[in-house]
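K.L.:
Please find one structure pasted underneath; my questions will follow.
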Number of protein chains: 2
Amino acid sequence: MKKVVTVKKKALAANEEHAATLRTGFVSSGTLVLNLISSPGSGKTTLLEATIGELGKQVRTAVIEGDVETERDADRIRALGVPAHQILTGGACHLDARMISDALADTQLMPTDILFIENVGNLICPTGYDLGEDLKIAVLSTTEGDDKPFKYPAIFSRAEVTVVTKIDLLPHLDFDLEAVREHLATLNPSGRVFVTSSQTMEGIKDWCSFITDQLNHKRQNLSSTSTD
Amino acid sequence: MKKVVTVKKKALAANEEHAATLRTGFVSSGTLVLNLISSPGSGKTTLLEATIGELGKQVRTAVIEGDVETERDADRIRALGVPAHQILTGGACHLDARMISDALADTQLMPTDILFIENVGNLICPTGYDLGEDLKIAVLSTTEGDDKPFKYPAIFSRAEVTVVTKIDLLPHLDFDLEAVREHLATLNPSGRVFVTSSQTMEGIKDWCSFITDQLNHKRQNLSSTSTD
């Protein structure tokens, strides 16, 4: 067991190094990188479809999809005319920074203003793996139950943003949104929460405004640094 | 990377040994063991509550709960008057056979007729870890989407049974049940599928009849072996 822990620690340390290199590259290119993490079936791809639609042509977007198997999610993004690169992890339950470096060799992805990384559907494994992103985005569907932030505190305390999805199903569910907001505030007092439905588009505009604000903020920092 | 793979292989081999010992013990005690695996929030604990209620007092039941954090699920089972042991895995994304051995030291659990093991909410990591169970039960909620068997084929091809949950929400969802049945049949031609709702109790009787049949079958095998 000790050996497993040591090997895992080494893998994480190597990942940190790769992630730092990626982050430097994303600063140079002024690309905002969002790492979306959630359970399987929480609606990450559907949220991306709604988000890309709302962002429109004013910004360039690209997507890296992480899945154990199938190109289904990447195909859904490509159908919107947005470049998408599918990483198939085989058995691995998370993406790592080296996989992202390899994906960036796909010349269709870069340059882009916003790079969305849809991690493998998993609330545990992706948490510790930095991908050089600006923000970790936890996605939580109302259908998963309001106890998830308590049961998986690591991701909900590390994610700068939680996007609650499928809010249109609320009338049919026993899901206490206010309790979830309170739990999230306890786990991460500075965290932001967006409540959305990709069916009714509720909350999507606010979420997209937040993204463009983040992009502008990163670009401003970049230009102020380069003129220093 | 090679080193990680080697260490993982060794861990899996050690797990196989532990699991074999557990299985022998469960044969001696005539205990039917079901290992429930699913995404977070697919409704495993709610399914267990409905199942335990339907099975009634005719059989003894006990539950091992696997979670990263919190005793919430075990508390829900204990509220039914059924012994439950909570395993907190910390960061680990699955249970292993040694954790089950340790849990069995909890004298409240055994002897029992049926031992339910609710694995950590995760569609990937628990798949390869044998816990000495009779059957792996994949739980798939309608709210996760009908593409999940394709995207996570390992668990759906290994599980002898898939229980589809939250079927009461079907009118509000874009979920093709027949397509899921077909995918599951392709992945595992001999697999059984139960379609259930723990709200309306649809399908719970059939699922429980299947469980008691499995228990009787195991007991008959046991008595025929012991009289050989």
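K.L.:
Evaluate peptide A:38-47: per residue, the Cβ atoms of other protein chains within 10 Å of its Cβ; return the mean as an integer.
P.N.:
Counting other chains' Cβ atoms within 10 Å and averaging over A:38-47 gives 6.
K.L.:
Oh, and also: In nm, one decimal, shortest first: how far is the label point of A:THR70 (7 Å from Cα along Cα to beta carbon) from the matching points in the other copies?
P.N.:
Inter-copy label distances (nm, one decimal, shortest first): 2.9.
K.L.:
At a probe radius of 1.4 Å, figure out the B/A buried accessible area, summed over both chains, and give it in Å² to the nearest 100.
P.N.:
Adding both sides of the contact gives about 2800 Å².
K.L.:
OK, next. Which residues, if any, in region B:61-98 lose at least 50 square angstrom of accessible heavy-atom surface (probe 1.4 Å) when the other protein chains sit next to their chain rather than the chain being alone?
P.N.:
At a threshold of 50 Å² (probe 1.4 Å), the residues of region B:61-98 that become less exposed are B:ARG72.
K.L.:
For region A:124-158, list whatever residues lose no less than 50 Å² of accessible surface once every protein chain is in place, relative to that chain by itself, with the probe at 1.4 Å.
P.N.:
SASA drop of 50 Å² or more in region A:124-158: A:ILE124, A:THR143, A:PHE150, A:LYS151, A:TYR152.
K.L.:
Quantify, in whole percent, the carbon and sulfur part of the accessible surface of region A:2-214 (1.4 Å probe; protein heavy atoms only).
P.N.:
Here carbon and sulfur together make up 52 percent of the probe-accessible area.
K.L.:
Continuing with this model, one more query. State in Å² the accessible area per residue of region A:2-214; use a 1.4 Å probe, count heavy atoms of protein chains only, and round to the nearest integer.
P.N.:
40 Å²
K.L.:
Using a label position 7 Å from Cα in the Cα→Cβ direction, what is the ascending list of nm distances from A:ASP174 to the same site in the other copies?
P.N.:
Those separations, rounded to one decimal, come out as 2.9 nm.
K.L.:
Identify which of A:ASN119, A:ASN188, A:ASN35 has the largest mean-square fluctuation in a Gaussian network model of chain A, with springs joining Cα atoms closer than 10 Å.
P.N.:
A:ASN188
K.L.:
Tell me, which cysteines of chain A are without a disulfide-compatible partner by the Cβ under 4.7 Å rule?
P.N.:
When partners are defined as cysteine Cβ atoms under 4.7 Å apart, chain A leaves A:CYS208 without one.
K.L.:
Right, another one. Could you give the radius of gyration (one decimal) and Dmax (whole number) of the Cα atoms in region B:65-121, in Å?
P.N.:
Using the Cα atoms of region B:65-121, the pair Rg, Dmax is 10.9, 31 Å.
K.L.:
Show me, for region A:176-182, the HN-Hα J-couplings you get by feeding each phi into the Karplus relation (A = 6.51, B = -1.76, C = 1.60, θ = phi - 60°), rounded to Hz, glycine and proline as x.
P.N.:
Couplings: 9, 4, 5, 4, 4, 4, 5 Hz.
K.L.:
Hey, another quick one. Can you list the residues, at least 5 places off or on another chain, whose amide H is less than 5 Å from the amide H of A:VAL33, using H built in the peptide plane?
P.N.:
Under 5 Å from the amide H of A:VAL33: A:LEU115, A:ASP134, A:LEU135.
K.L.:
A follow-up question, please. Taking each label point as 7 Å beyond Cα in the direction of the beta carbon, state the distances from A:SER190 to the same residue in the other copies, shortest first, in nm.
P.N.:
Here the equivalent label points are 5.6 nm apart from this one.
K.L.:
Once every DSSP H run of n ≥ 4 in the protein assembly as shown is given -39500 (n - 2.57) and the sum is divided by its residues, what mean residue ellipticity at 222 nm do you get, rounded to the nearest 500 deg cm²/dmol?
P.N.:
Theoretical 222 nm ellipticity from helices: -13500 deg cm²/dmol.
K.L.:
Which entries of A:LYS10/B:LYS44; B:LYS10/B:LYS151; A:LYS9/A:LYS136 show an alpha-carbon separation above 25 angstrom in the structure shown?
P.N.:
The pairs that break the limit, which is 25 Å between Cα atoms, are A:LYS10/B:LYS44; B:LYS10/B:LYS151.
K.L.:
Right, something else. Just name one of B:LEU215, B:HIS18, B:ALA50: the one whose Cα is farthest towards the positive end of the charge dipole of chain B (beta-carbon charges, Lys/Arg +1, Asp/Glu -1).
P.N.:
Toward the positive end, the furthest listed residue is B:HIS18.
K.L.:
Using θ = phi - 60° and the Karplus relation 6.51 cos²θ - 1.76 cosθ + 1.60, list the HN-Hα couplings for region A:53-65 in order, rounded to whole Hz, with x at every Gly or Pro.
P.N.:
Karplus-based 3J(HN,Hα) across region A:53-65 equals x, 6, 5, x, 8, 5, 10, 7, 10, 8, 9, 10, 9 Hz.
K.L.:
Dipole size in debye (nearest 20) for region B:2-214 around its Cα centre, Lys and Arg Cβ +1, Asp and Glu Cβ -1?
P.N.:
The calculated dipole for region B:2-214 is roughly 680 debye.
K.L.:
Would you please calculate the Kirkwood hydrodynamic radius of the protein assembly as shown over all C-alpha pairs and express it in Å, rounded to one decimal?
P.N.:
For the protein assembly as shown, inverting the mean 1/r across all distinct Cα pairs yields 23.1 Å.
K.L.:
Going Cα to Cα from A:LYS205, which aspartates and glutamates come in below 15 Å? Please leave out same-chain ones fewer than 8 positions away.
P.N.:
A:GLU49, A:GLU54, A:ASP213
K.L.:
Taking every alpha carbon pair in region A:2-214, what does the distance histogram look like in 10 angstrom bins from 0, in percent?
P.N.:
The percentages, shortest bin first, are 8, 35, 38, 16, 2, 0.
K.L.:
Between A and B, which A residue has the Cβ nearest their rotation axis, distance in Å?
P.N.:
Reported as residue, whole Å: A:THR143, 2.
The values are calculated or read from the model by the stated rules, or taken from the named source; none is laboratory data. For clarity, every value in this text was computed on a predicted model and none was experimentally measured. Positions of Cβ are backbone-derived with ideal geometry, glycine not excepted, and every protein chain shown enters the neighbour counts. Just so you know, the surface numbers come from the protein's heavy atoms only, side chains and all, with ligands and any DNA or RNA stripped out. Shrake-Rupley method; radii C 1.70, N 1.55, O 1.52, S 1.80 Å.
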